[in-house]
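Below you'll find the structure, written out as structure tokens, and then a few comments.
The values are calculated or read from the model by the stated rules, or taken from the named source; none is laboratory data. All values derive from a computational prediction rather than experimental measurement. Here the Cβ positions follow ideal geometry from the backbone for every residue, glycine too, while neighbour counts run over all protein chains shown. Protein only, heavy atoms only, side chains kept; ligands, DNA and RNA dropped before computing areas. Shrake-Rupley method; radii C 1.70, N 1.55, O 1.52, S 1.80 Å.
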Amino acid sequence: MSKLALKLILFCLLINGAAVVVSAKPLPLNEQEIQKIMEQFHIPGAAIGVVQNGKVIAAKGFGVKTLGSDDPVDENSIFKIASNTKAFTAAALAILVDEKKISWEGKVQTYLTDFTLHDPWVTKEFNLIDLLTHRSGLGLGAGDLMLWPEPSSFTRAEVLHNLRHLKPTGEFRSDYAYDNLLYIVAGEIIPAVTHTSWENFVEQRIMQPLGMEHCFAGKVPAEKLANVATPHGMVNGKLQTIIRPIDPDKPSVSAPAGGIQCSLNDMLTWVKVQLNQGKTASGDSLFSAVQHKMMWTPHTIMPVSWRSKQFDNTHFSAYGLGWRINDMNGYLQVHHTGSLAGMYSFVSLFPELDLGFVVLTNQQSSAARSALMYTSMKPYLGDTKTDWLQKFSPSNKSAVSSKSPANKPSYELIKANHTSAPAYIGTYEDPWLGQFIIEEGSSDKGSFLQIRALRIEKFVGKLYQLNHGGQVLIRWNDRSLEADALITFKQDEQGRVTGMTLAPASEDVDFSYDFQDLNFTKL
């Protein structure tokens, strides 16, 4: 290397604040620190692995698959990877682009005639890239209540149809707002073109050629069920399993956005293919280098968080096709996280270093997920001193925000004989989420008002009158949802209740509970 070339490289590193010492040698996982993080955040089980220069140099399970058992997590334990599924959906479409069966610039209505957004012009112009890049103009998590909490009674066809009812909150192809529904639409492109379900296509065209024997887009076979980790979460301050009564024989409506279940070993195989620009270990192309570049090209500008600036010296952030893209300590980072009830994941790649990391956990702690990833990843970027457990530990933050009305002694259960009860009781309908019923419920302590959603099994809860503001609080019976909501009733000139709107009761409620997008009319 010439002195001039060396000076140019050093200059580029310095202007990016990236004069870091990178480890070219394999580093062992810091098992002691990993155990401390898991203990601090009450993580029953985790699987962590590293790929460097095309080889798996670390892959290890920690803890147990299920709280109260002694069945250990290992490299073949199966976790839900949640939104890390999105990269698989993008890759599936990339394969079809390679085969010239679809085009990235092709209009969605060309393939799915029922695709209709609120704005007719946007509907007409919407292409396949728009499906994958969170730039639709829809609000954050718009329509996600059709997917979660599981089980969902909605079909993918209904999700596709109901898009027309969701009003935009931003500018098309300008504003970034993370969504899930459009990845379901992207998944529906596959059967429209190939007459094969998304599940079958992903398993047959991606997982099977790569030898991913513990990775499934659809139903996990009976002989593999013993390998499946159980979801967990903190419920009322106590670690508990989070079980959703999901029918395994029914395809998950949300699968193309977040439904894959996979082991650490198989995710490391996926990482190797990504770092090798679509080439498999045998030298075959799963997808072309052209499509690989397309998926890793920034398409939508994202904001840079204060944490990324402080921890990673990040200058830019963007979304590709199923991947987030930014700089970290002067190197390109391609990554994604995944979050479902009781299961969190994190995949982080550094293509310039031929380096990749995978973290899978069976507890819904984003802080733990980040601490585990940074503890494993940052030593390779030259930082061997930072205590990432301390960095990501909450500072006296309770499981429920103190800003939540549910945390304040300012509400009381609405009894069935309350003066407002007759006005509230009735059936309310939203154009896309269907009917909610406010009715009388009872227990050994007496009668009260409750609300119940006809399409969402988990949405049953008691109603509480707030002592200020005139709003009504919904406290869902299943406290693992962590998604209490506020009702504002609409009235006509005579004071009769004509409808209601909902809003999250706390800023800590996950964005996928998009109560603010609902607008109910009383029938």
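Miscellaneous remarks
- Taking segment 503-523 as the range and being in a strand (DSSP E or B) and either of a type outside the set (A, V, I, L, M, F, W, C) or under 28 Å from Thr241 (Cβ atoms) (or both) as the test, the residues that pass are Pro504, Thr521, Lys522.
- Count - residues of segment 74-99 that are open to solvent by 10 Å² or more (accessible area, probe 1.4 Å) and of a type outside the set (Gly, Ala, Ser): 7
- Qualifying residue in segment 324-333 (condition: of a type in the set (Gly, Ala, Ser), buried (at least 19 other Cβ atoms within 10 Å of the Cβ) and not in a loop (DSSP other than H, G, I, E, B)): no
- Among (1) of a type in the set (A, V, I, L, M); (2) assigned to a strand (DSSP E or B); (3) closer than 21 Å to Pro44 by Cβ; (4) open to solvent by 10 Å² or more (accessible area, probe 1.4 Å), the one test that Val359 misses: (4)
- Matching residues, segment 76-121, being under 24 Å from His165 (Cβ atoms) and either modelled with pLDDT under 95 or outside any helix (DSSP H, G or I) (or both): Lys107, Leu112, Thr113, Asp114, Phe115, Thr116, Leu117, His118, Asp119
- Of the listed requirements (1) in contact (Cβ under 8 Å) with a residue 12 or more places away in the chain; (2) outside any loop (DSSP other than H, G, I, E, B); (3) open to solvent by 30 Å² or more (accessible area, probe 1.4 Å); (4) not hydrophobic (A, V, I, L, M, F, W, C), Glu171 misses just one: (2).
- Members of segment 11-36 that are at pLDDT 80 or above and of a type in the set (A, V, I, L, M, F, W, C): Leu27, Leu29, Ile34
- Top-ranked residue in segment 42-71 [being aliphatic (A, V, I, L, M) and crowded, with 23+ Cβ neighbours inside 10 Å; ranked as nearest to His232 (Cα to Cα)]: Ile43
- In summary, no strands (runs of 3 or more DSSP E) completely within segment 201-314 bear 2 or more residues that are basic (Lys, Arg), touching a residue at least 40 places away in the same chain (Cβ under 8 Å) and over 28 Å from Ala157 (Cβ atoms).
- Verdict on Ala177 being among the hydrophobic types (A, V, I, L, M, F, W, C), surrounded by fewer than 19 Cβ atoms within 10 Å (Cβ to Cβ) and either modelled with pLDDT of 95 or more or in contact with a strand residue (DSSP E or B) (Cβ under 7 Å, 6 or more places away or on another chain) (or both): yes
- Gly278 being open to solvent by less than 70 Å² (accessible area, probe 1.4 Å), modelled with pLDDT of 95 or more and more than 18 Å from the chain's Cα centre (by Cα): yes
- Verdict on Lys25 being among the basic types (Lys, Arg), assigned to a loop (DSSP other than H, G, I, E, B) and more than 14 Å from Thr375 (Cα to Cα): yes
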